[in-house]
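Note sheet for the following structure.
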Amino acid sequence: MAALPFSSISRHANSPLHYNSKSSITGFNQRNSICWLFFIRKSNSTRALRKLVVKNVASDKRQELNEPLSEQGTLDNFVADSASIASSIKYHAEFKTSFSPEKFELGKAYLATAQSVCDSLIINWNATYDYYEKINVKQAYYMSMEYLQGRALLNAIGNLQLSGPYAEALRKLGQNLEDVANQEPDAALGNGGLGRLASCFLDSLATLNYPAWGYGLRYKYGLFKQLITKDGQEEEAESWLEMGNPWEIQRNDVSYPVKFYGEVISGPNGTKQWIGGENISAVAYDVPIPGYKTRTTINLRLWSIKVSPAQFDLQAFNTGDHAKAYAAMNNAEKICYVLYPGDESLEGKILRLKQQYTLCSASLQDIFARFEKRSGNTVNWDTFPEKVVVQMNDTHPTLCIPELIRILIDGKGLSWEKAWDITKRTVAYTNHTVLPEALEKWSLTLLQDLLPRHVEIIRRIDEEFILEIISKYGTHDLDLIQQKLRKMRILENIELPNSVIELINNLKKAPASEDVKEIGLNDNDIKATEEKEDDEVGEEEQQQEEEEDNNSTREDTDKKTEWTFKVDPNLPRMVRMANLCVVGGLSVNGVAEIHSEIVKDEVFNEFYKLWPEKFQNKTNGVTPRRWIRFCNPDLSNIITKWIGTDDWVTDLQKLAVLRKFADNEDLQLEWTASKKRNKIKVASFLKEKTGYVVSPNAMFDVQVKRIHEYKRQLLNILGIVYRYKKMKELSAEERNQKFVPRVCIFGGKAFATYVQAKRIVKFIADVGATVNHDPEIGDLLKVVFVPDYNVSVAEVLIPGSELSQHISTAGMEASGTSNMKFAMNGCVLIGTLDGANVEIREEVGEDNFFLFGARANEIAGLRKERAEGKFVSDPRFEEVKTYVRSGVFGPYNYEELMGSLEGNEGYGRADYFLVGKDFPNYLESQEAVDQAYRDQKRWTRMSILNTAGSYKFSSDRTIHEYARDIWKIEPVVLP
């Protein structure tokens, strides 16, 4: 068999990974002048190759592939035509898949096809990183707890420009590419927008040729698989790894130790050593990420836990204590079982922290190893930030900051000053939320037990930061200092260090004429550098002033007590991870213009006043490859035809050209026909997944996103209930005249322990069960909840959607990215001025966006009004709640759900998310939607202008901004 396209040389676990392409590899040029590399392995065996029997699905006849696998194929003569690809697929089907050899059914066809594609990806992947190492380029490392990748097959062959040849090859083998691709499970590595954004960024990084690498965890069971039953949402473990993952390569030679618990001991010269405790190993699984029309193929490195067989207690097993035998192994392996394990219990909190630290520690050790290898014999740590930048995707990877310092000090022997300086120039932070509960806080006691060395480092950072605040604001107004520290400290409700208290009290006693100019921290010693007054007055006059000052100081000291920082013994002592990110990061960015303003004006206002230069906006984007070019080829072909080029796929600004054709009747006819074809696909999909039959002639109205009260699926379904009630009050003729037929589609997962969100899912399903079986209503209204919403489901729903709802309480959604995907596919939006909605509305035009609801700057006042009992509910809102309580939607008691919308105060009460306040305006906006939809020419124009105006929301634009403003990296094109 020919040499593998990567080196099989074993390397030490702590050395950086570097693959050498030993085999002689050549490429071939396609019409796009892109070099794609394939190879056919030669068998070293002299035995005859077995015949491969293939089942032809179309004819249900067995087809025998008599052609033997080529023993002459090499990279020198390989051409990426359908015949050569078919030969590659046949090789993998016979020798690599875990299926019986006599059949070539869909599951086997998928694995063989994926492995064939991976052959070319690996070669480009190796070439990419060989070149990066050769030129020692600065590299960005994206750290994220989740990546919502979706299926890889169609995306990979699309980026490789090989969709046609692969489709033809599979036809020759009796299969259909789309059917084969549908065998692939979605990678269960993410949940919502955070993970989808991370995956879009990887696609853009590769496409734009930026040197980068992603890091995450390899979750065995994902978040969960969602089932919708008569009881609402039920969860079961994901099975995405059940048949293996052909897109990953396990790197047994790349593993790093990760430690928990233990103790810190002091050594000579102030050195520290973290010893004892619980030790695990993180092993790397690599997933290639190909760029579009480029050889650049970057890496997503996922960590899993490797446990030594020595951890299995054989003696306990043989004595019948099986639980004890597996205890150590299970304790380690569970770290990578589930994304976001429930953290209601102490065990759940510990597990989440272990996950976060495993990601940070293993990834940073890997980065250090790569930096040292590229540096050669002489490592200059001052250049580390010139070669490495780490982007933390939200607060989950915050432990990168103390871990980076720990490695530099304890592992590399650097001083605190140098390690802290390097860290502040290396790590950057993206904020994704303004919700207080999502700005992570961890118990200091828990962190102290689990990561004792890191708590020492965090305390030191906190102490230095306190001194910086004092240096900035002085001690003249101690109430001001109290306020600043309560908002800005990393440690919450924790006493100030004694050194800081002593410093402040000493400064209070110091003569008023002595100004503190600088406060420095050197290990545990605090010193104040005082600047003496210039001697501009006579000696006698100066002595007299000093006497008066001393007398005044003594009098003041007698009157005042020592200053202390008050803590509340009834409140927990916490570590505020977001504050640590701001203090330790080189930059802080929001993800939409309105969100970034809220970050500066509210969430981190005190930090913004201190470091305004740190704060930036980077409006999110989505990759146009997956989210229009590949998921909506019908519309993509129309766009290419009217624009005159397919360059828009990598230069989305070219979509703006469509604006001048928005009123063209020919384009409108093509556009409408394309949307209709996509709606027919959606209708078929809904029948398959839910059993409900819907009419593609109705408006398809979609809200698909994580189920959360602030996203207000409850507002949507209450609007539908009101619509249904009004329909029931009319005759059939009146109903048909008044209402536009609608199919209202929901999708999204409620977190397993989020009770109120699960009530909302149950409510939507119950409304659907009632409405969809009402013969009086028929096709005039359907309500469908699509179970287990994921990327693959979105790729079906979004192209066929006509109205999409993005209706969160204003000021609570950081950005959103599904709004961008819908607009890109010609879907009109209804929404509030929240997140990226603000910018989408600006780009597509106010007349092409249905706006309603309170504004972000009004929310606080409206909540205050509610708390004071001044809010007067709209009669229509009271009417719909009464209707729900009437039992029309079944016997389930919705009192808790309806009760959350009532009252003026109390947890889970008082309509915190302002559903009742926005309800009447929402109904009016929905009436405007109906009116616009009746005029199909106007609606189609709006649809075209939404696509044309979506050009700003490409992740390519976002990545260019990150690279230019934060990461300071340049594209690197392979020679």
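Only lysines eight or more places from Lys660 in sequence, or on another chain, were considered; those with a Cα closer than 16 Å are Lys641, Lys937. The distance linking the stretch 615-637 with the stretch 341-412 is 31 Å (Cα centroid to Cα centroid, whole angstrom). When Thr809, Thr640 are sorted by how many other C-beta atoms sit within 10 angstrom of their C-beta, beginning with the fewest, the order is Thr640, Thr809.
Annotation note: GluC sites (Glu not before Pro) in the stretch 148-248 located in DSSP loop regions with a Cβ neighbour count of at most 15 within 10 Å are Glu242. Among the chymotrypsin sites (Phe, Trp or Tyr not before Pro) found in the stretch 817-886, not one is both in a DSSP coil and sparsely packed, with 10 or fewer other Cβ atoms within 10 Å of its Cβ. Ranked for footprinting exposure by Cβ neighbours inside 10 Å, fewest first, Arg909, Arg573 give Arg909, Arg573.
In this label model, Gln737 and Thr319 are separated by 8.6 nm, measuring between points 7 Å along each Cα→Cβ vector. Arranged from fewest to most other beta-carbon atoms within 10 Å of their beta carbon, Ser266, Ser84, Ser955 become Ser266, Ser84, Ser955.
Take the residue pairs Lys230/Lys758; Lys220/Lys306; Lys679/Lys725 and return only those whose Cα atoms are more than 19 Å apart. Cα-Cα > 19 Å for Lys679/Lys725; rest within.
Charged neighbours of Asn155, selected by a Cβ distance under 14 Å, balance to +1 (K, R count +1; D, E count -1). Separation of the stretch 90-128 and the stretch 193-234, taken as the distance between their Cα centroids, equals 23 angstrom. The stretch between Ala928 and Asp666, if pulled fully straight at 0.36 nm per residue, gains 91.7 nm over its current Cα-Cα span. Using the Cα gyration tensor of the stretch 833-939, with a ≥ b ≥ c the square roots of its eigenvalues, what is the shape: rounded (a/c below 1.5), prolate (a/b larger than b/c) or oblate (neither)? Oblate shape, in that a/c is at least 1.5 and b/c is the bigger or equal ratio. Legend: distances between Cα atoms for Lys349/Lys870; Lys108/Lys354; Lys681/Lys762; Lys487/Lys864; pairs beyond 29 Å are Lys349/Lys870; Lys108/Lys354. Summing Cβ point charges (Lys, Arg +1; Asp, Glu -1) relative to the Cα centre of the chain gives a dipole of roughly 5340 debye. Net charge of the neighbourhood of Lys614, taken over other residues with C-beta under 14 Å away and scored Lys/Arg +1, Asp/Glu -1, is +1. If you take the Cα centroid of the stretch 659-715 and the Cα centroid of the stretch 886-900, the two points sit 30 Å apart. At a Förster radius of 25 Å, what calculated FRET efficiency corresponds to the Cβ-Cβ distance of Val872 and Tyr907, to the nearest 0.05? Step by step, r from the Cβ atoms, then E = 0.60. Think of the chain as having a plus end and a minus end, set by charges on the Cβ of Lys, Arg, Asp and Glu; of Met488, Val583, Ala167, Ala167 sits farthest toward the positive end of this dipole.
Count Lys and Arg as plus one, Asp and Glu as minus one, and take only other residues whose Cβ is under 10 Å from that of Gly291; the net charge is then +2. Taking label points 7 Å from Cα along the Cα-to-Cβ direction, Trp611 and Ser443 give a separation of 3.0 nm. Each label was represented as a point 7 Å from its Cα along the Cα-to-Cβ direction; for Leu974 and Asn570 these points are 6.4 nm apart.
Extension gain for Val888-Arg486 works out to 139.7 nm (0.36 nm per residue, less the C-alpha to C-alpha distance). Once you order the gyration tensor axes a ≥ b ≥ c over the Cα atoms, which shape class does the stretch 202-330 get: rounded for a/c under 1.5, otherwise prolate or oblate by comparing a/b with b/c? Verdict is oblate for the stretch 202-330. For the chain, just say rounded, prolate or oblate: build the C-alpha gyration tensor, square-root its eigenvalues into a ≥ b ≥ c, call rounded for a/c under 1.5, and beyond that prolate if a/b exceeds b/c, oblate if not. Oblate is the answer for the chain, as a/c is 1.5 or above yet b/c matches or exceeds a/b. Here r is the Cβ-Cβ distance between Glu386 and Glu344 and R0 is 30 Å; the resulting FRET efficiency, rounded to 0.05, is 0.10. Across the chain, C-alpha contacts under 8 Å between residues 6 or more apart give a mean separation that, scaled by the residue count, equals a relative contact order of 11 percent.
Simple point charges give the picture: +1 on the Cβ of Lys and Arg, -1 on the Cβ of Asp and Glu, and for the stretch 674-953 a dipole about the Cα centre of about 740 debye.
Readers should treat all values here as calculations from the given coordinates under stated rules, not as data from a laboratory. Everything numeric in this text was worked out from a predicted model, so none of it was measured. With ideal geometry, Cβ positions are generated from the backbone for all residues, glycine too; neighbour counts draw on all protein chains shown.
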